[in-house]
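Colleague: I have a structure I would like to understand better, so I am pasting it below and will then ask my questions one at a time.
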Amino acid sequence: MALKAAEINESTKWQDLTEGLKIYEPATSRQFQTGEWRTKTPVLDTERCTQCLLCVPYCPDSSIPVRDGKRQAFDLDHCKGCGICEAACPFGAITMKEGR
């Protein structure tokens, strides 16, 4: 019997996990904090950001939330630090720093 993502926590025994930690249900990515994989962290320079939102569709992890037409702080719980947002920003408002 496969455990649901919400049932997995620090006290879960390894024997109870699915082989290779396979996920058997859809739309569970928000239940896993994959930001721990990150080796680089995006930093937003609010002075340079024009709120053009060009970085948003490039983020493969949907880690750049938008509210009321303005981008918010990075969702670092899910950002894997790929740097695609930095490359997509035409204004140099995003830089990647070493570490989490």
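Colleague: Quick one: count up the residues across segment 38-55 that are in contact with a Phe, Trp or Tyr (Cβ under 9 Å, 6 or more places away or on another chain), of a type outside the set (A, V, I, L, M, F, W, C) and more than 16 Å from Met96 (Cβ to Cβ).
Modeller: So the count comes out to 1.
Colleague: Of the numbered conditions (1) within 12 Å of the chain's Cα centre (by Cα); (2) modelled with pLDDT under 95, Pro42 satisfies every one except a single condition; which is it?
Modeller: Failed condition: (2).
Colleague: Continuing with this model, one more query. Could we say that Asp68 is in contact (Cβ under 8 Å) with a residue 24 or more places away in the chain and acidic (Asp, Glu) here?
Modeller: In short, no.
Colleague: For segment 64-100, give me each residue that is assigned to a loop (DSSP other than H, G, I, E, B), open to solvent by less than 70 Å² (accessible area, probe 1.4 Å) and touching a strand residue (DSSP E or B) at 6+ places or on another chain (Cβ under 8 Å).
Modeller: Ile64, Pro65, Gln72, Phe74, Leu76, Cys79, Gly81, Gly83, Ala93, Gly99 - these are the residues of segment 64-100 that are assigned to a loop (DSSP other than H, G, I, E, B), open to solvent by less than 70 Å² (accessible area, probe 1.4 Å) and touching a strand residue (DSSP E or B) at 6+ places or on another chain (Cβ under 8 Å).
Colleague: For Pro57, work out the one condition from (1) of a type outside the set (S, T, N, Q); (2) surrounded by fewer than 16 Cβ atoms within 10 Å (Cβ to Cβ); (3) modelled with pLDDT of 80 or more; (4) part of a loop (DSSP other than H, G, I, E, B) it doesn't fulfil.
Modeller: (4)
Colleague: Residue check: is Lys80 within 14 Å of the chain's Cα centre (by Cα) and touching a residue at least 40 places away in the same chain (Cβ under 8 Å)?
Modeller: Yes, satisfied.
The values are calculated or read from the model by the stated rules, or taken from the named source; none is laboratory data. Quantities reported herein were computed from a predicted structural model and do not represent experimental measurements. Please note: Cβ atoms are built from the backbone with ideal geometry, for glycine as well, and neighbour counts cover all protein chains shown. Ligands, DNA and RNA are stripped out before the accessible areas are found, and what is left, the full protein with its side chains, is counted by its heavy atoms. Shrake-Rupley method; radii C 1.70, N 1.55, O 1.52, S 1.80 Å.
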